[in-house]
Structures are given as C-alpha cells and as structure tokens.
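Quick notes on the structure that follows.
The values are calculated or read from the model by the stated rules, or taken from the named source; none is laboratory data. Just so you know, these numbers come straight off a predicted model, no measurement behind them. With ideal geometry, Cβ positions are generated from the backbone for all residues, glycine too; neighbour counts draw on all protein chains shown. Only protein heavy atoms, including side chains, enter the accessible area calculation; ligands, DNA and RNA are left aside. Shrake-Rupley method; radii C 1.70, N 1.55, O 1.52, S 1.80 Å.
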Protein chains: 2
Amino acid sequence: MSNIQLSDRQLKIIDIVKEKGPITSEQIASMLSVTRATLRPDLAILTMSGILDARPKVGYFYVGIDENNLISKKLKSKKVEEMMSVPIVVSEEATVYDTIVTIFLEDTGSVFVTNDGFLSGVVSRKDLLKSAIGGMDINKIPVGIIMTRMPNIIIASQNDSASDVARKIIEHEVDSIPVVEYIKREDGKEGYRILGKISKTNITRFFVELAGE
Amino acid sequence: MSNIQLSDRQLKIIDIVKEKGPITSEQIASMLSVTRATLRPDLAILTMSGILDARPKVGYFYVGIDENNLISKKLKSKKVEEMMSVPIVVSEEATVYDTIVTIFLEDTGSVFVTNDGFLSGVVSRKDLLKSAIGGMDINKIPVGIIMTRMPNIIIASQNDSASDVARKIIEHEVDSIPVVEYIKREDGKEGYRILGKISKTNITRFFVELAGE
C-alpha cells in the first residue's frame, strides 16, 4: 500500500524471508554477512511498510502487498451452504407446460427434476422456450423428455466454495447448479438428494454483499 | 492478520490515529501525556502488526486489518466498460419468433430493442416464454408489444462500477442491464445509444477472475 523505494539489501531480505520465513533477524544477518544492528533499519522499514511481519519468538515472515490473494482467500472461504437458495423441483412426469407454469409461479430460472426423490435432471428457461416453439404438444410431453439428464449435470456439494461453484457455472455455461449429497436410503436405493441451488443470482448477490461491507 | 493482544494504551493510540491521522509520534505522546520513548514500543507493535502505517515526515496513519474494505474498494474500482459484453439488439418491428431465434443463435439471455437506433426496450427469455405459451401468433406479433419499454428499463453507464451494476441487477431483479450513453445526433434526435451489456454472467465471470488471481 505504501509506495516506497526499496534498497538492494531490502530486496534481498524480502527474497530470503519469502523463501525461508519464518526466519530470525540473526539468521538473515548471517546469510547476508552483516550484523543484526546493520539490518535493524531495513527490517524496520520492511515491517512498517507491511511487506514483512514479525512475531515474537518466531521471526520474520512475508506478507506482501497482496490484496488479490486476500480477496481470493475470502471468496474461497465462503461455502456453498451459506449462500444457496431453496431449489424448485418437479418430478419427471410433470408436463412441459406444468414446468413452465412452475417457473413463472416460483419466479425461477431453472428447475431441478427428480425421479423417485433423487436428482435426475435439470431444465432451464431456454430448454422450455425451445419446446414451446418446437411444435410439440407441451401439455402432453413430460419434462423428462426435454431435460438435461444425469450424469450430464454439473453438481456441487455443500462444502464447495463460492469460487469453485462460480467457476463451474462459467466453465460449463450453465445458469444454476444443484447442491446435492449422495445418500443411500433405507429402501436400499441410492442417488443424489437435492439440498439447494446455486445460480448466477446467488453469486451476484454475494458480490453485492462483499462490495457493501 | 496477526492475532495479537493489544494493551489499553495501544487501543487508545489506535483511536487517536484513526481520528487524527496522519499524526506524529510527538503529537500522540502529548495527547496521552507520556514521552515519545514510552510510546516507541507501542508504535512498533502497532506498525509491525499492520494496524498503523508510518511515513517519514508525515506521521502515523490507520490501516487496520480491514480486508472487507480492501475487497469493497477492489469491486468498486472495476468499471463496467472493462467487463461488459457485446449486446444483442433487434428492432421493435422484429417478430417475437425472430427474437426467439436470435436468442438461440446468439446464445444470449436477453435482447435489447431499438427504435430508430435508440434503446427502446429489453426483452428476456421469460418474456418470450410467456408469449410462446400465451396463445398469440408469435410469427406476427412484433417484439415491441411484449418488451419492457423505456423508461421502465434499468440502465448503466460505462463509468459505473462492477458493484453499482451488480446491486442494480439484484435490487431490480433483472438478468441484464444495457450500458448506454445519452447522445444528440446530427439529425436533432436524442436518446440512449447502446454500448454494451452487463449480465449476471459478467459479474460471475469477474468473480471467478478475482478468485483465481
């Protein structure tokens, strides 16, 4: 943050601490073949400028002026379960028309589809729009026919980070991702149970929160 | 970042520097009725821990361990023009059907509508889906009939920040916002010229960039 001009020795100290830190001033002095007293003003400048930090009985370590790293850590520390929405779910037997009605009633962008309680598909506004103009009878066709079906669905788990799931959304060009857990039921059947939904809206909302803090 | 226990005097120093900074150590000493020598270890701890910073001939100022503030600044410093996409535009006379085809061809979520070259409306997948199942003849109805019309459109300017526009998207519950400038043409007509588009996708992509840095 400070805009300071560093000497060659100060730059060498930074390199040493980056590589070997935490490291004591004695060790740095010995590596540079100078006395501790000689180093003292350099270390004072480097710590005051926030480039190095020092902890008693531990030594110096590198902090850097690394705001991007700080932001990255923050985005990675936010968990999906802290930001997911309630998912809107229909069963595979629901008609395309009913699914469109659900989209409007719930004001959602995409709907998750289940078969026997387990995630079986995802259907987006785009899929529904395609069916609606495609000349098929949307009152008869079940949504299971037009949905994207497992295993071609991008999923997330509760413990994924905000940045993991945002990356999936961008890389796979999807609007929303079901948050799931794999379970084995008492009846012996197993599959993904739907816990929540993460969409670009959740990411945008988190972004607004961060900016407002 | 460091997790240190501060003394009462150190906390008082922080309050003074927060309020009066930049401030010299002499001034702080006089406000606390102690000598500079007494303060020296306190100031060393506060600067080494990154809470205060010091500049020669200026004095101490407050930095804080304020990562949220840092993130907020970063999000506010990113300008819309650095992250906007190329907008997809149709004229008011285009039919609803043609607009749906455009949405699929361009793989976009919403389309901006112009009248005589100026922004006149916005139409989303949701609007188009509603028309497609609404029983109207989408081959005849012009998109101008079903679009959201000026002045009921949320707009942004090139110089708005990423966080401004993300907030508009969330507050107004829209998927995308036209980036515009108000112009007066040589023919005397005036209105908004469309420069770009910001959607939740752009915000999510920026989020991924930040996390990856």
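Here is how the numbers come out for the structure above:
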| read-out | value |
| --- | --- |
| Using alpha carbons only: equivalent-ellipsoid semi-axes of the protein assembly as shown, gyration tensor based, whole Å | 55, 29, 17 |
| Other copies of B:Lys57: label-to-label distances in nm, shortest first, labels 7 Å along the beta-carbon direction | 4.2 |
| Too-long pairs where the Cα-Cα distance tops 28 Å, listed order kept, from A:Lys126/A:Lys184; A:Lys73/A:Lys197; A:Lys200/B:Lys189; A:Lys20/B:Lys76 | A:Lys126/A:Lys184; A:Lys200/B:Lys189; A:Lys20/B:Lys76 |
| Sequence-distant residues sharing a close amide H with B:Asn115 (under 5 Å, placed H) | B:Ser120 |
| B:Lys73/A:Ser72 FRET efficiency (R0 22 Å; Cβ-Cβ; nearest 0.05) | 0.90 |
| For residues of B:29-41, the mean tally of beta carbons on other chains within 10 Å | 0 |
| Solvent-accessible area, 1.4 Å probe, carbon plus sulfur percent, for segment A:76-212 | 47 percent |
| Per residue accessible area of segment A:62-187, 1.4 Å probe, in Å² | 49 Å² |
| Inter-copy separations for B:Asn139, label at 7 Å along Cα-Cβ, nm, ascending | 2.1 |
| Inter-label distance for B:Ser91 and B:Ile141, nm, one decimal - labels placed 7 Å from Cα along Cα-to-Cβ | 2.2 nm |
| Unit Cα scatterers, Debye sum, segment A:76-212: log10 I(q)/I(0) for q = 0.10, 0.15, 0.20, 0.22 Å⁻¹ | -0.34, -0.73, -1.16, -1.31 |
| Whole-number D in µm²/s for segment A:53-128 (Stokes-Einstein; Kirkwood sum over Cα pairs; 4 °C, 1.567 mPa s) | 79 µm²/s |
| Kirkwood Rh in Å, taken over all unlike Cα pairs in segment B:87-166 | 13.1 Å |
| Ratio Rg/Rh, restricted to segment A:8-65 and using Cα atoms, in which Rh is the Kirkwood radius | 0.90 |
| Fluctuation leader among B:Ile194, B:Ile177, B:Ile133 - chain B, Gaussian network, Cα springs under 10 angstrom | B:Ile133 |
| Positive dipole terminus of the protein assembly as shown, leading residue within B:Val165, A:Tyr192, B:Ala54 (C-beta point charges) | B:Ala54 |
| Helical mean residue ellipticity (222 nm; -39500 (n - 2.57) per DSSP H run of 4+; nearest 500) of chain A | -13000 deg cm²/dmol |
| Members of segment B:189-208 that become less accessible by 20 Å² or more once partner protein chains are added (1.4 angstrom probe, chain alone as reference) | B:Lys200, B:Thr201, B:Ile203, B:Thr204, B:Arg205, B:Phe207, B:Val208 |
| Area hidden from solvent between B and A (accessible, protein heavy atoms only, 1.4 Å, total, Å²) | 4900 Å² |
| Distance cut-off 27 Å, percentage of C-alpha pairs in segment B:10-156 lying past it | 54 percent |
| Using a 7 Å Cα-to-Cβ projection, A:Pro22 label spacings across copies, nm, ascending | 3.2 |
| Cβ-Cβ FRET estimate between B:Ala37 and B:Phe61, R0 fixed at 30 Å, reported to 0.05 | 0.85 |
| Spin-label pair B:Phe104/A:Ala44, simplified geometry with 7 Å Cα→Cβ offset, distance in nm | 7.4 nm |
| FRET E, pair A:Asn152, B:Arg193, Förster distance 45 Å, beta-carbon r, rounded to 0.05 | 0.65 |
